[in-house]
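Engineer: Starting off with a structure, shown below.
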Amino acid sequence: MGDQRPLPIGEAWRAMAACFVTTFALFSRHRVRMPRQLVGTQLRFADGTNARVYRETRLGSGLAKDPCTLVVAFRLRLVRGPAHALFRHESLLNTPLFVGFPGFTSKLWLAHDERNRYRGVYEWDGQRRAELYARSLWRVLALVSVPGSIRYMVVPGLHRDDMIANPPPAQESEPDDTIWWRTAVAT
């Protein structure tokens, strides 16, 4: 996974502000889509956890020319029981925090798993762009997440749906805390 760190605060907030402005232009041109085909799909991960897709967001076809899959995970502070349903509804308001980032093509929003982790599984156009987004997003997530729970994985050269259907093989010796991002089976 390498050294995962957030961007410096000023750089991250400038990137988020630019994304926010771009997002409204995308909405005004009706470029943002919310297809329902994958909603309800249960994703199984190599660490034995499961999470259900509760929303999908796409720009255009949702397919990247220079594809990479980005998986982001975090645990929210103070969200327990019925508050999870409230968060899933409220999270729609977070769309301006990613849609306008350069290279964004699609996102699957996953409900919390058995370890109370939320995940986003994205397709991004360009590995560096995905990394910039993940490191910027870190600053926003840090405001509401359990300290130490934020992580991400960028898988270059792989469309999101291909990673879900045919995940890269895990090494038998890999511990659970390094395979949290690998999908195992979609049901």
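The values are calculated or read from the model by the stated rules, or taken from the named source; none is laboratory data. Only a predicted model underlies this, so the values are computations on that prediction, with no experimental measurement involved. Every residue, glycine among them, receives a Cβ derived from its backbone with ideal geometry; neighbour counts consider all protein chains shown. We work out accessible area using only protein heavy atoms, side chains counted, and drop any ligands, DNA or RNA first. Shrake-Rupley method; radii C 1.70, N 1.55, O 1.52, S 1.80 Å.
Engineer: Please enumerate the residues belonging to region 75-97 that are open to solvent by less than 40 Å² (accessible area, probe 1.4 Å) and in contact with a Phe, Trp or Tyr (Cβ under 6 Å, 6 or more places away or on another chain).
Structural biologist: Val79, Pro96 - these are the residues of region 75-97 that are open to solvent by less than 40 Å² (accessible area, probe 1.4 Å) and in contact with a Phe, Trp or Tyr (Cβ under 6 Å, 6 or more places away or on another chain).
Engineer: Of the conditions (1) over 23 Å from Ile9 (Cα atoms); (2) part of a strand (DSSP E or B); (3) within 16 Å of the chain's Cα centre (by Cα), Ala184 clears all except one; give me its number.
Structural biologist: Status for Ala184: all satisfied but (3).
Engineer: Still on this structure, I have one more. Could you tell me which numbered condition Cys68 fails, if it satisfies all but one of (1) assigned to a strand (DSSP E or B); (2) touching a Ser or Thr at 6+ places or on another chain (Cβ under 7 Å)?
Structural biologist: Against the list (1) assigned to a strand (DSSP E or B); (2) touching a Ser or Thr at 6+ places or on another chain (Cβ under 7 Å), Cys68 comes up short only on (2).
Engineer: Follow-up. I need the full set of residues from region 98-130 which are part of a helix (DSSP H, G or I) and either open to solvent by less than 10 Å² (accessible area, probe 1.4 Å) or in contact (Cβ under 8 Å) with a residue 60 or more places away in the chain (or both), in order please.
Structural biologist: Those that are part of a helix (DSSP H, G or I) and either open to solvent by less than 10 Å² (accessible area, probe 1.4 Å) or in contact (Cβ under 8 Å) with a residue 60 or more places away in the chain (or both): Gln127, Ala130.
Engineer: Right, something else. For Phe104, which of the numbered conditions (1) at pLDDT 95 or above; (2) closer than 14 Å to Arg44 by Cα fails to hold?
Structural biologist: (2)
Engineer: Restricting to region 131-152, name every residue that is open to solvent by less than 20 Å² (accessible area, probe 1.4 Å) and either without any contact (Cβ under 8 Å) to a residue 24 or more places away in the chain or in a loop (DSSP other than H, G, I, E, B) (or both).
Structural biologist: Passing the criteria: only Ser149.
Engineer: If the requirement is being at pLDDT below 90, within 29 Å of Val146 (Cβ to Cβ) and among the aliphatic types (A, V, I, L, M), which of these qualifies: Ala51, Ala46?
Structural biologist: Going through Ala51, Ala46 in turn, the sole match is Ala46.
Engineer: Residue check: is Arg31 among the basic types (Lys, Arg), touching a Leu at 6+ places or on another chain (Cβ under 6 Å) and either modelled with pLDDT under 90 or closer than 20 Å to Gly157 by Cα (or both)?
Structural biologist: No, not satisfied.
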